[in-house]
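Undergrad: This is the structure I have questions about; it appears just below.
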Amino acid sequence: MKKLLVPIDFSDCSLNALRVAYQLAQKAQAQLQALHIVEPVYSYVGAADGMYLSAEVEQKYLESLVAAAEEKMKEIAQNPDFGGVELDTQVKIGNMFNLIKKEIETQSIDLIVMGTQGVSGIDEILVGSNTEKIVRMSGCPVLTVRENAQVQDFKKIVLATDLYSENRAIIEQIQALQQLLEAHLYLVYVNEPGDFQAQRGIEERKAEFVRFFGLQNYSFQLYCDKSIEAGILHYAEDIEADLIVMVTHQRNGISHFVAGSIAEDIVNHSPRPVLTYGLKTKALS
Amino acid sequence: MKTILVPFDFSKCAQNALRLATQLARKTEAQVYISHIVEPAHLNLISGKGENSYGLVLKYFEHVKGIVLENIEKILQSPDYEGVKFQKFVEQGSIHKTLLHHISTLEVDLVVMGTHGVGGLDELWVGSRTERIVRYSPVPVLTVRKLDNDFNIQKIVLAINLEDKQIETIKKVKRIQALFAAHVQLLYVNKLTGFYGSQEIHQRLDVLAANAQLDNYSTHYESAYNEEQGILNFAKRENADLIALATHQRNGLSHLLAGSITENIVNHTADIPVLACAIV
């Protein structure tokens with residue numbers, strides 16, 4: 001892991017994410033990039049009032065936003081809490097997704113760390129999907145951190161898996177992370193009534209899975225619950241996990257984790273940090 | 001535990017059962033009744049025509065009885081059996097009827113017996129003798145096949161469902177637990193019918209344990225297609241020293257159709273002793 005990107009909106013949430021990213025950057029001796037994005041609001045503003053912002057007014061407005069943001073970013077850069085790590089702060093104007101995607105490509109970002117408030121209701125469709133979007137689009141893994149998450153250390157990592165459809169690139173990345181953090185990996189397969197499996201058969205699959213990927217320092221649990229999402233969240237709660245790792249799969253109907261909606265659900269509802277990998281994740285260099 | 005009954009047929013597993021019973025008796029100062037039963041079918045073989053068959057049968061039985069008592073006495077000379085009070089019974093009659101009769105009249109607390117295990121077609125129609133005792137005995141039955149010399153009960157797997165009736169079973173197993181200061185693993189086998197989430201299983205097992213005032217225990221579940229597989233898989237994986245479970249007493253047709261989990265376990269468990277407790 002060489003470069004981490006943290007989108008900042010100056011909320012407590014994103015500052016907490018920055019703190020977590022900082023801890024990781026320290027451990028990995030990686031570079032940290034804090035990025036604030038000002039999204040220009042175009043002509044739909046004022047349409048209802050019959051008022052239109054002229055191009056100059058809009059430009060002035062944007063400039064003042066950028067100036068204010070740059071001030072705040074300077075404070076962050078100079079904050080001793082973030083000392084000892086190469087911290088780069090930037091303010092950019094444009095569409096959030098496109099800018100982040102560009103950053104990832106041009107700067108070879110290895111991990112994005114994002115604050116999230118968790119959501120329910122209509123918002124639910126939006127936030128988790130933001131993470132999903134970034135992950136699927138960019139092939140860069142995303143670590144979501146809740147605003148009140150107290151992250152001391154990542155020692156207990158939960159990896160939810162169906163034990164057959166994982167790909168090597170992702171598992172290798174997870175193992176590298178595990179080693180970096182000197183963490184214990186808690187493999188979990190969730191047994192739900194809709195697709196009930198006996199322990200005996202799953203044990204064989206697990207043995208093969210562990211052997212194939214050469215997993216070390218791990219435990220395995222066949223956890224039962226009414227749904228996969230519930231199982232992952234409850235299991236993480238039971239063992240007081242520090243991090244949940246999810247892999248979002250393509251929509252091809254074969255995979256147990258249909259449409260990656262489970263990863264979204266976990267991101268939306270987990271009080272613990274969630275690290276989401278997509279199928280486009282590049283292999284370790 | 002004051003009285004232990006050991007049905008004895010001189011087989012390897014019966015001797016193992018006797019050794020285990022002796023260990024238990026030492027810890028509780030119980031006395032051990034050794035019962036050898038000669039079934040009339042064997043006696044009928046020697047009757048011929050033209051003679052007083054019944055008298056011959058009696059004489060033969062007395063002869064057999066003498067030899068049996070002598071041989072049991074020889075076995076009891078071994079230091080394995082020191083320090084415990086034994087009483088020997090040699091009788092003729094139906095094995096399971098006689099044993100059940102002893103259980104009530106001798107106020108037996110526990111039956112310890114060997115089991116050869118049964119497989120194949122026989123299993124459906126005949127059942128093993130052990131099975132029959134397990135099915136009908138009002139007191140717990142401990143079945144043994146193999147017994148290591150340094151046998152000790154450190155880990156007891158107690159398989160239960162989540163009903164309140166199981167509190168009684170837990171209490172019965174507590175007595176064995178106490179003798180060996182063993183750890184009890186409460187096990188629920190999670191199947192498609194009767195499926196519960198993990199958290200709920202742990203909670204409900206904890207409630208049952210609290211009601212039975214059980215200490216030194218942990219709660220577990222195993223996903224399986226049927227109880228026998230779940231219990232056997234778990235017990236083998238955990239290297240359990242003893243499997244305990246409650247058995248519902250079913251008679252006649254309902255038994256033939258539904259079978260019995262306990263009896264299946266007793267028949268198929270490899271080396272792990274099984275304690276079957278009747279649910280009244």
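Every read-out reported here was derived from the displayed coordinates using simple, explicitly stated rules and does not represent laboratory data. Nothing here was measured: the structure is a model prediction, and the numbers come from that model. Glycine also receives a Cβ, built like all others from the backbone with ideal geometry; neighbour counts cover every protein chain displayed.
Undergrad: Find the all-direction average of the projected area of the Cα convex hull for chain B, expressing the result in square nanometres with one decimal place. Don't skip to the answer; put the middle values down first.
TA: Working: hull surface 63.8 nm².
Averaged projected area of chain B's Cα convex hull equals 16.0 nm².
Undergrad: A further question on this structure: Highest GNM mean-square fluctuation, chain B, Cα pairs closer than 10 Å: which of B:140, B:40, B:79?
TA: B:79
Undergrad: When only alpha-carbon atoms count, how far does region A:76-227 stretch along each of its three principal axes, as whole angstroms with the largest first?
TA: 55, 39, 30
Undergrad: Still on this structure: For chain B, what is the percent of antiparallel DSSP beta bridges, rounded to the nearest 5?
TA: Numbers: 3 of 44 bridges.
About 5 percent, rounded to the nearest 5.
Undergrad: Taking θ = phi - 60°, what integer Hz values does the Karplus form 6.51 cos²θ - 1.76 cosθ + 1.60 yield along region A:86-95, in sequence order, with x for Gly and Pro?
TA: Karplus-based 3J(HN,Hα) across region A:86-95 equals 5, 10, 10, 10, 9, 10, 9, 10, x, 7 Hz.
Undergrad: Right, next: Which lysines does residue B:172 reach when only Cα atoms under 21 Å apart count, and residues fewer than 8 places away in its own chain are ignored?
TA: Within reach: B:2, B:27, B:155.
Undergrad: Still on this structure, I have one more. State, as an integer percentage, the relative contact order of chain B based on alpha-carbon contacts under 8 Å between residues 6 or more apart. Walk me through the numbers before you get to the answer.
TA: Details: 493 pairs, mean separation 58.5, N = 280.
Rounded, it is 21 percent for chain B.
Undergrad: Show me, for region B:75-84, the HN-Hα J-couplings you get by feeding each phi into the Karplus relation (A = 6.51, B = -1.76, C = 1.60, θ = phi - 60°), rounded to Hz, glycine and proline as x.
TA: After applying 6.51 cos²θ - 1.76 cosθ + 1.60, I find 4, 5, 5, 4, x, 3, 10, 5, x, 10 Hz.
Undergrad: Percent relative contact order of chain A, based on C-alpha pairs within less than 8 angstrom and at least six residues apart? Intermediate results must be reported in sequence, preceding the final value.
TA: Values: 505 pairs, mean separation 59.2, N = 285.
About 21 percent, as a whole number.
Undergrad: Continuing with this model, one more query. Charges only on Cβ, +1 for Lys and Arg, -1 for Asp and Glu: so what's the dipole of chain B about the Cα centre, in debye to the nearest 20? Mind showing how you got there, number by number?
TA: Details: 28 positive and 30 negative charges, 63 e Å.
My answer is approximately 300 debye.
Undergrad: Using the Kirkwood formula over every pair of different C-alpha atoms, what hydrodynamic radius in Å results for region B:155-279?
TA: Values: mean 1/r = 0.0684 Å⁻¹.
After inverting the mean inverse Cα-Cα distance, the result is 14.6 Å.
Undergrad: Suppose each label sits 7 Å from its Cα in the direction of the beta carbon; what would the residue B:91-residue B:64 distance come out to in nanometres?
TA: So the two model labels end up 1.5 nm from each other.
Undergrad: Turning to a different aspect of this structure: I'd like the orientation of helix A:96-107 relative to chain A: the angle between its Cα long axis and the longest Cα principal axis, in ° from 0 to 90, rounded to 10.
TA: So the inclination is approximately 70 degrees.
Undergrad: What are the extents of the Cα atoms of chain A along their three principal axes, in Å, largest first?
TA: Computed over chain A, the largest-to-smallest principal extents equal 70, 46, 31 Å.
Undergrad: Now for a separate question. Averaging the inverse of every distinct alpha carbon separation and then flipping it gives the Kirkwood radius. What is it for region A:156-278, in angstrom units?
TA: On the way: mean 1/r = 0.0691 Å⁻¹.
Hydrodynamic radius (Kirkwood, Cα only) of region A:156-278 equals 14.5 Å.
Undergrad: What is the set of long-range amide H partners of residue A:31 at a cut-off below 5 Å, with H atoms built 1.01 Å from backbone N?
TA: A:3, A:4
Undergrad: Just need the relative contact order of region A:156-278 here, percent rounded to a whole number, with Cα pairs under 8 Å and 6+ apart. Working shown, then result.
TA: Details: 179 pairs, mean separation 36.1, N = 123.
Relative CO of region A:156-278 lands at 29 percent.
Undergrad: Separate question: Towards the positive end of the charge dipole of chain B, with charges on Cβ (+1 Lys, Arg; -1 Asp, Glu), say which of B:14, B:244, B:78 has the farthest Cα.
TA: B:78
Undergrad: Let me ask something additional. In whole Hz and in residue order, list the ³J(HN,Hα) couplings for region B:55-61 that follow from phi through the Karplus curve 6.51 cos²θ - 1.76 cosθ + 1.60, θ = phi - 60°; x for Gly and Pro.
TA: For region B:55-61, the Karplus curve yields x, 4, 4, 4, 4, 4, 5 Hz.
Undergrad: Rounded to two decimals, what is the ratio between the C-alpha radius of gyration of the protein assembly as shown and 2.2 N^0.38 Å?
TA: On the way: Rg = 34.5 Å, N = 565, 2.2 N^0.38 = 24.4 Å.
Taking the Cα Rg and dividing by 2.2 N^0.38 Å, one obtains 1.41.
Undergrad: In degrees, nearest 10, range 0 to 90: what is the angle between the Cα axis of helix B:95-105 and the longest Cα principal axis of chain B?
TA: That works out to roughly 70 degrees.
Undergrad: I would also like to ask the following. Most mobile of A:87, A:275, A:111 per a Gaussian network model of chain A (Cα springs, under 10 Å)?
TA: A:87
Undergrad: Of the residues A:137, A:114, A:246, which exhibits the maximal mean-square fluctuation in a Gaussian network model of chain A defined by a 10 Å Cα contact cut-off?
TA: Checking each option, the largest mean-square fluctuation is seen for A:137.
Undergrad: OK, next. Would you tell me the mean number of C-beta atoms belonging to other protein chains that fall within 10 Å of each C-beta in A:192-200, as a whole number? Walk me through the numbers on the way to the answer.
TA: Numbers: counts 2, 6, 1, 0, 8, 4, 12, 12, 9.
Rounded to a whole number, the mean comes out at 6.
Undergrad: If you count, for every residue in A:231-243, the Cβ atoms of partner chains within 10 Å of its Cβ, what is the mean? Don't skip to the answer; put the middle values down first.
TA: Working: counts 3, 0, 0, 4, 2, 0, 1, 3, 0, 0, 0, 0, 0.
Taking all residues of A:231-243 together, the mean is 1.
Undergrad: Hey, another quick one. Explain nothing, just the number: dipole magnitude of region B:155-279 about its Cα centre with +1 on each Lys and Arg Cβ and -1 on each Asp and Glu Cβ, in debye rounded to the nearest 20. Could you put the intermediate results ahead of the total?
TA: Values: 11 positive and 13 negative charges, 38 e Å.
I would put it at about 180 debye.
Undergrad: Let me know the mean shielding of B:213-223 by other chains, meaning the per-residue number of their Cβ atoms within 10 Å of its Cβ. Write out the running numbers ahead of the final one.
TA: On the way: counts 0, 0, 0, 0, 0, 0, 0, 0, 5, 5, 12.
Per residue, the average neighbour count from other chains is 2.
Undergrad: Tell me the label-point distance for the pair residue B:248, residue A:55, using the 7 Å Cα-to-Cβ offset, in nm and rounded to one decimal.
TA: Inter-label distance under the simple model: 8.3 nm.
Undergrad: In addition: Need one number: % antiparallel among DSSP beta bridges in the protein assembly as shown, to the nearest 5.
TA: Numbers: 6 of 87 bridges.
Antiparallel bridges make up about 5 percent of those DSSP assigns within the protein assembly as shown.
Undergrad: Using bins 10 angstrom wide from zero, how does P(r) for region A:175-236 break down, in % of all Cα pairs?
TA: Pairs per bin, as whole percents: 21, 45, 30, 4.
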